[in-house]
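*Asks:* Take this structure, written in structure tokens, and hold onto it; I'll ask about it next.
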Amino acid sequence: MGYRGARAPGTVAFLPRRGAGITVLTGEYGARVLRPLISPLPGDIEVLAVRNEFFGGNIGVAGLLTGADLGRALAGLPEGRRYLIPDSCLSGGRFLDGTALAELPRSVEVVPADGATLRLALAPALALAPGTALALALTK
């Protein structure tokens, strides 16, 4: 299992909606890794780097994002999209600042922080051919 413990409970349920775009919210470091993999793909999929103001703006990892920071980012986003966040920013269903998922201004889908599960979450928005950069990167 490596250095990290399980964060997401049991099975993962995604809420795919036909025609809904996807926004992956992550920390600034994660966005640097994901954006080059996701931006060339067809479909309405974007990566949004969430600035961590809670800890002064100099923390870039998704694992230290708080509900306040995600709430601020989500409040300015349109309804009708799927919003994905990594499970690494939650512990026991709460963020570091004590915010619960239900308190966020938009519904979010919690995705275990591994490539295979992210691929499954994105699959309804596009057909990931075996040779695409994301398919290759996420299945290795």
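*Asks:* Within segment 89-109, how many residues turn out to be surrounded by 17 or more Cβ atoms within 10 Å (Cβ to Cβ), touching a helix residue (DSSP H, G or I) at 6+ places or on another chain (Cβ under 7 Å) and farther than 12 Å from Leu25 by Cβ?
*Replies:* 3
*Asks:* Which residues, counting only those in segment 48-105, are of a type in the set (A, V, I, L, M) and part of a loop (DSSP other than H, G, I, E, B)?
*Replies:* Across segment 48-105, the qualifying residues are Val50, Ile59, Val61, Leu65, Leu77, Leu90, Leu96, Leu104.
*Asks:* Another question about this same structure. Before we move on, is Ala31 in a helix (DSSP H, G or I), modelled with pLDDT of 85 or more and either under 13 Å from the mean Cα position of the chain (by Cα) or aromatic (Phe, Trp, Tyr) (or both)?
*Replies:* It is true that Ala31 is in a helix (DSSP H, G or I), modelled with pLDDT of 85 or more and either under 13 Å from the mean Cα position of the chain (by Cα) or aromatic (Phe, Trp, Tyr) (or both).
*Asks:* Report yes if some residue within segment 33-48 is touching a residue at least 60 places away in the same chain (Cβ under 8 Å), closer than 21 Å to Leu122 by Cα and polar (S, T, N, Q); otherwise report no.
*Replies:* No, there is no match, as no residue in segment 33-48 is touching a residue at least 60 places away in the same chain (Cβ under 8 Å), closer than 21 Å to Leu122 by Cα and polar (S, T, N, Q).
The values are calculated or read from the model by the stated rules, or taken from the named source; none is laboratory data. All values derive from a computational prediction rather than experimental measurement. Cβ sites come from the backbone with ideal geometry, for glycine too, and all protein chains shown count toward neighbours.
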